[in-house]
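Laboratory data are not the source of any read-out in this text; all were calculated from the coordinates shown. Because the structure is predicted, anything quoted here is derived from the model rather than measured. Note: ideal-geometry Cβ built from the backbone for every residue, glycine included; neighbour counts use all protein chains shown.
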Amino acid sequence: MTDGGMDSLDELAELLGASVTLPVLFVGSGLSRRYLGSPDWEGLVQYAASLTQFPFDYYSGQLRADTPKEDRLPLIATLIAQQFHQEWWTTEKYKDLRENNVEPLPDGGDPLKLMIARHIASLGDEPELEVSVEREKLGRVKAHAIITTNYDRVLEESFPDFSVFVGQQDVLFASPQYVGEIYKIHGSVEKPTSLVFTGDDYVAYRKKNPYLIAKIMTLFVEHPVIFVGYSLRDPHILELLGTLVSCLSPEQLDTFNQRLIFVGRVSAARAKGLSSSSITVPGYTFGVQEFGIDDFGGVYDVLAELPEQYPVKLLRNLSERVTQMAYSDTSSERVHVLPLQEGEDIDDVQVVVGVGAFERLGEKGYTAYSRAELFLDMIAGATDHNIEHIGSLISHSFRNAKFSPIFYPRFLAELHGVPLEETTLPTRARALLGGETVLEPYPGKRPEGWAEMGFRELLIAHPKYAENLSTGCAYDEEDVIALGKYLWPKLVGNSAPGTPLAKAGSKFDRLVYGDDFAGDVGALRARVQVELGRPRY
């Protein structure tokens, strides 16, 4: 941990990269305020009061003085809903809206929810450039699933490939697959009557809450959970987490403590960087991580570069199809064997039952060939690949990764006299080969003079930062060999290398097989094969 707390994005990447699963995002109103200018909870209740003939204080004054703080706004919303129901159905003010409305409004609070939904849906004028860029980066985030208490459509628009479940009824009864899905547990503007807004709504919500918790418990226990747009004291989160932890065993609770990360803007209550904190709910106090940052775009960049075996949309389609097959006597679906080619429509894949294998001469043969194994072959200088499959190997390696060997496969193609048409390569491979994807460290700790240090010196003086800074430090032959020796044990048996490690491996690729090394590259390659080469199969 750096002085004053872990304050760099590369350390956040390391924390998330330690998990073998993608994170679940839990998104709150802070995100909507940032991207739409929507009000906070109290501001929304005040807006509701403005729709009636009485001000907010009129309703607030009807509550007992000792009403708990967390109950006041829902109870005020109930009083407003009752008043608005009368005005909606009887006054000239809402006559046109009433006559043009096609939404069924069976419950007393529904007219007010309709107006709340219309108000939120109307928000979203062109934001500042900084916010626009940040929101665009949100759509590139890799997440297993998303849970939100927000009503708006920010998440659906950012993740169009995700399926959406609105309200507890959908989550409970619509057979979600728990991957590639957005759960709007407090309702959505597209279904105004689904909004959880009044005190009566919260009573009904709490009755079903244990069932909802049971449905999403697996997501919380098996994945890191990143809270965006919430504070540690948010009553909705405290209530949900209190119900959740009461269902966990002591062993599960220990795991749970390490999986919760609250991301928010730096403030008097939240220091910059990553630090430890805690949450107290009835009967439990458990640890969480807080990450303070001024620009969420950096966090989104880290999440966008997390390793991903297969697209979550594909996994969801597979899960859904297999579930359907389990309840059917027959199946007419076609079988598709990965890898998918770039540009292929995942919606056209009916059932996926296996992963395509890649041939490599030697004992390895036709088995699944991972990106980490390609990194290892690169470090060893292996030349016995079946070059006929070099194009498929490159497509496989870059399918869900931004950083993978590309100069090494090009070297192999040239060595065996096989043309490699660069225009046919995956977009990510072309970007890395052509320099559009820049190999540079994540922002964070920078020891004085680090860029002039060789990798060996950096590894001795600042071992904690060497992996991240390896993409920008100096290299002679000994430094390159040292980088290869550093990378090897970290890649052996590693099915999903984290992005900082993959970046360091891509730097080795560019040094040995690309154009980054200033010395005799032929002599360097000979040393690599002698000092780093070793049989693996």
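Odds and ends about this structure:
- Directionally averaged projected area (convex hull, Cα atoms, the stretch 357-537), nm²: 9.9 nm²
- Over all other residues within a Cβ to Cβ distance under 15 Å of Glu70, the charged ones net out to -2, with Lys and Arg as +1 and Asp and Glu as -1.
- When only alpha carbons are used to place a centre, the stretch 392-419 and the stretch 207-277 end up 41 Å from one another.
- In order along the stretch 437-444, phi translates into HN-Hα couplings of 8, 8, 8, 8, x, 5, x, x Hz, rounded to whole numbers, per the Karplus curve 6.51 cos²θ - 1.76 cosθ + 1.60 with θ = phi - 60° and x for Gly and Pro.
- Each residue of the stretch 194-201 was assigned a 3J(HN,Hα) from its phi angle through the Karplus curve 6.51 cos²θ - 1.76 cosθ + 1.60 (θ = phi - 60°); the sequence is 7, 4, 8, 9, 8, x, 5, 4 Hz, with glycine and proline shown as x.
- Ratio Rg/Rh, restricted to the stretch 454-505 and using Cα atoms, in which Rh is the Kirkwood radius: 0.95
- Pairwise alpha-carbon distances in the stretch 181-229 exceed 12 Å for 71% of all pairs.
- In summary, the lysines within cross-link reach of Lys191, defined as a Cα separation below 26 angstrom excluding same-chain residues under 8 places away, comprise Lys93, Lys95, Lys113, Lys207, Lys208, Lys215, Lys313.
- Likely footprinting exposure, Thr383, Thr90, fewest C-beta neighbours within 10 Å first: Thr90, Thr383
- Residue order, fewest to most beta carbons within 10 Å, for Tyr465, Tyr230: Tyr230, Tyr465
- Charge dipole magnitude, Cβ of K and R +1, D and E -1 - the stretch 41-121, Cα centre, debye nearest 20: 80 debye
- Each of Lys485, Lys137 was scored by other Cβ atoms within 10 Å of its Cβ. Listed from fewest to most, they are Lys485, Lys137.
- Rounded D (µm²/s) - the stretch 116-201, Kirkwood Rh over Cα pairs, Stokes-Einstein at 37 °C, 0.692 mPa s: 236 µm²/s
- Overall dimensions of the stretch 41-121 by Cα: Rg and Dmax, Å: 13.0, 42
- With contacts taken as Cα pairs under 8 Å at a separation of at least 6 residues, the stretch 357-537 carries a relative contact order of 28 percent.
- Kirkwood-Stokes translational diffusion coefficient of the stretch 1-153, alpha-carbon pairs, 4 °C, 1.567 mPa s, µm²/s: 69 µm²/s
- Total charge dipole magnitude, the stretch 478-537, about the Cα centre, Cβ charges on Lys, Arg, Asp, Glu only, Debye to nearest 20: 320 debye
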